[in-house]
Amino acid sequence: MAGRKRYSREFKLEAVKLVTERGVTVAQAARDLDVHVNVLRVWVRELRADPVHAFPGQGKQTPEETELTRLRREVARLKMERDILKKAAAYFATELK
């Protein structure tokens, strides 16, 4: 069983150009490119919403997603440090009794 089809950023940009610049209907462009109509509509919507960061590709993130990932890692690290310090404080508190 085959997985999902993956399209390059260039392919997506050219597909959207067919619709936006050349006046081809979404349905016709989708048939010509052998892409589902809804997929092409999503591509058009993504490019209109954020032309610079549209179609980042596999493993590439927008700056906001990169920052969010970094902050989540930092939160996880800080929680781990906090838990270690709590355990150490509990240990030393029992030692003093």
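Values quoted throughout were computed directly from the atomic coordinates according to the rules given, and no laboratory measurement underlies them. This is a predicted model, so every value here is computed, not measured. Positions of Cβ are backbone-derived with ideal geometry, glycine not excepted, and every protein chain shown enters the neighbour counts.
Selection of region 19-78 for residues being polar (S, T, N, Q) and either assigned to a helix (DSSP H, G or I) or exposed (fewer than 11 other Cβ atoms within 10 Å of the Cβ) (or both) yields T20, Q28, N38, Q58, T66, T69.
Yes/no per residue for (1) under 21 Å from the mean Cα position of the chain (by Cα); (2) farther than 19 Å from R4 by Cα:
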residue	(1), (2)
G23	no, yes
V37	no, no
R41	yes, no
R45	yes, yes
P51	yes, yes
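Annotation note: Cβ proximity below 7 Å between a residue of region 8-19 that is in contact (Cβ under 8 Å) with a residue 24 or more places away in the chain and a residue that is exposed (fewer than 13 other Cβ atoms within 10 Å of the Cβ) (sequence gap 6+ or interchain) occurs for R9/G57. Residues in region 3-18 that are exposed (fewer than 13 other Cβ atoms within 10 Å of the Cβ) and hydroxyl-bearing (S, T, Y): S8 alone.
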